[in-house]
Amino acid sequence: MSIVRIDVLIPAYNVAPTIESAVRSILDQTVRDIRVIVVDDGSTDDTAAIVARLAAEDDRITVLRQANGGIVDALNNGLALCDAELIARHDGDDLAYPDRFEKQTAYLDAHPDCIAVGANARHIDAMSAPIGVVTAMGSMDTADAAWFPAREPYLMHPLLLIRRDALVAAGGYRYVFHAEDADLYWRLGGCGRLHNLPDVLADYRIHAGSVTGKSVLNGRVGAVNAQLAALSSERRRGERPDLTFPRERLDRFVEAQTTARMIAVAEEELDGSERARLSLATAAKLIELVNYRPYELDGDDWRFVTKSIKSHASLLTPENAQELHLRQVWYVAKLMSRGRLKSVLRDVPKSLLFPVASHLIRGKIDKVKRRLARSARQMSKAVSR
């Protein structure tokens, strides 16, 4: 096959219900000069049969089947097949809008200093219905590895379009489980500029089967690894030996189960100050994640978060401390609104209960005020008639 402009890399594992629509959303792009590389990561459902049928119908599709090895192996093995100037990422359960590549390539063509571009997405559920959330990916200028949790130079991974030379120069993907994308972006910072387009260019599916959304265990692993990626970035910037991310560490994380025990595994090659930062940053990341992911903290998580914040509070700036406090209040208020009063009273630090109650009361007062204002406007219109 002749070299095309874009190689589209799609790792797929047991996504039979969605893989056809996901692939067709790429085939239907206004930019036609593409090749779709589907890496079937040892699926046990009908994924392999579906992609084989699609490949027989459209010669732009290449299928690579491997024994189940996880997303990092799937991405790196697929990357080895890529020879196009640009590489796009897409997931087997998301839907790209037809003009995605048109808008992204136009930006890269107009800005040769930019090596990778992302965009925003509308969230949909398992049945493809919108759930009322649209991402608002921000500027790369806000990236800060010293914040708690680290402010990542983040592009939505399923919407990534990157220059192949930059991805290869960065070394591809590392075994930073459930945070391999964040780790990549930190490493790409030394290769060129990253940019998020303001356009909404895909539907991003949120459901219980997604990797980061299917369990709190994955959330804990992702939280720890995302903060290790930021520490790794700080080491490189300080010209210190980089952290290592051995593949077998995932098994140790899974065996550890709790966040505190995962931290004990992760901190083996860290110095004292890095250990403190990792503990606090992971606690802050967990609070960030549960505000939008479909899982909740348990008692062990809360004990870890409370102890980490109390032990390392001196590392927080006043602004950072206020942000972390508000995120805790918002999360507990969300639990209360879901009827989780018993777990709140059992697990949540008592110091948060009064701020949460005040937050909920203010919310109810604001709701009443809006209702009264709306009634007043209606009455005013009626009188004016």
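Couple of notes before you dig in:
- Test: residue in region 305-322 that is of a type in the set (D, E, K, R), within 30 Å of Ser273 (Cβ to Cβ), at pLDDT 90 or above and surrounded by 17 or more Cβ atoms within 10 Å (Cβ to Cβ): no
- Residue within region 68-88 that is in contact with a Ser or Thr (Cβ under 6 Å, 6 or more places away or on another chain) and within 23 Å of Gly118 (Cβ to Cβ) present: no
- Taken over region 282-340, the criterion of being among the hydroxyl-bearing types (Ser, Thr, Tyr) and more than 22 Å from the chain's Cα centre (by Cα) is satisfied by Thr306, Ser308, Ser311, Ser314, Thr317, Ser337.
- A count restricted to region 122-178 and to residues that are of a type outside the set (Gly, Ala, Ser) and over 20 Å from Gln227 (Cα atoms) stands at 20.
- Every residue from region 141-180 that is under 28 Å from Arg275 (Cβ atoms), open to solvent by 20 Å² or more (accessible area, probe 1.4 Å) and outside any helix (DSSP H, G or I): Ala143, Asp144, Ala146, Trp147, Arg151, Glu152, Tyr154, Gly171, Arg174, Tyr175, Phe177, His178
A quick yes/no check of all residues on (1) out of contact with any helix residue (DSSP H, G or I) (no Cβ under 7 Å at 6 or more places or on another chain); (2) not in a helix (DSSP H, G or I):
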site: Leu278; (1), (2): no, no
site: Ala284; (1), (2): no, no
site: Asp301; (1), (2): no, no
site: Val305; (1), (2): no, no
site: Ile309; (1), (2): no, no
site: Asn320; (1), (2): yes, no
site: Gly339; (1), (2): yes, yes
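- Boolean, His178 is modelled with pLDDT under 95 and under 29 Å from Met262 (Cβ atoms): yes
- All positions within region 95-119 that are of a type in the set (Gly, Ala, Ser) and either more than 20 Å from the chain's Cα centre (by Cα) or surrounded by fewer than 18 Cβ atoms within 10 Å (Cβ to Cβ) (or both): Ala106, Ala110
- Residues that are touching an Asp or Glu at 6+ places or on another chain (Cβ under 9 Å), within 18 Å of His123 (Cβ to Cβ) and open to solvent by 10 Å² or more (accessible area, probe 1.4 Å), drawn from region 182-201: Asp199
- Filter result (of a type in the set (D, E, K, R), under 19 Å from Arg163 (Cα atoms) and open to solvent by 60 Å² or more (accessible area, probe 1.4 Å)) within region 63-89: Asp83, Glu85
- Looking only at residues in region 120-140 that are open to solvent by less than 40 Å² (accessible area, probe 1.4 Å), under 13 Å from Ala202 (Cβ atoms) and aliphatic (A, V, I, L, M), the one that is farthest from the chain's Cα centre (by Cα) is Ile124.
- Gly92 fulfils the conditions (1) part of a helix (DSSP H, G or I); (2) open to solvent by less than 60 Å² (accessible area, probe 1.4 Å); (3) within 27 Å of Asp33 (Cβ to Cβ); (4) in contact (Cβ under 8 Å) with a residue 12 or more places away in the chain except for a single criterion, (1).
- Subset of region 18-61 [free of Cβ contacts under 8 Å to residues at least 60 places away in the same chain, more than 15 Å from Asp93 (Cα to Cα) and of a type in the set (Ser, Thr, Tyr)]: Thr44
- Any pair with Cβ under 6 angstrom, 6 or more apart, that starts in region 101-116 at a residue that is among the acidic types (Asp, Glu) and ends at one that is surrounded by 13 or more Cβ atoms within 10 Å (Cβ to Cβ): Glu102/Val31; Asp113/Arg193
- Under the condition of being within 25 Å of Ala179 (Cα to Cα), surrounded by fewer than 22 Cβ atoms within 10 Å (Cβ to Cβ) and among the β-branched types (Val, Ile, Thr), the residues counted in region 38-62 number 1.
- All positions within region 234-267 that are of a type in the set (S, T, N, Q) and either open to solvent by 20 Å² or more (accessible area, probe 1.4 Å) or modelled with pLDDT under 95 (or both): Thr244, Gln257, Thr258
- Subset of region 213-230 (residues that are among the hydrophobic types (A, V, I, L, M, F, W, C) and open to solvent by 10 Å² or more (accessible area, probe 1.4 Å)): Val216, Leu217
The values are calculated or read from the model by the stated rules, or taken from the named source; none is laboratory data. Nothing here was measured: the structure is a model prediction, and the numbers come from that model. Positions of Cβ are generated from backbone atoms using ideal geometry, with glycine treated the same way; all protein chains shown enter the neighbour counts. For the accessible areas, the whole protein counts, side chains as well, though only heavy atoms, and no ligand, DNA or RNA atoms are used. Shrake-Rupley method; radii C 1.70, N 1.55, O 1.52, S 1.80 Å.
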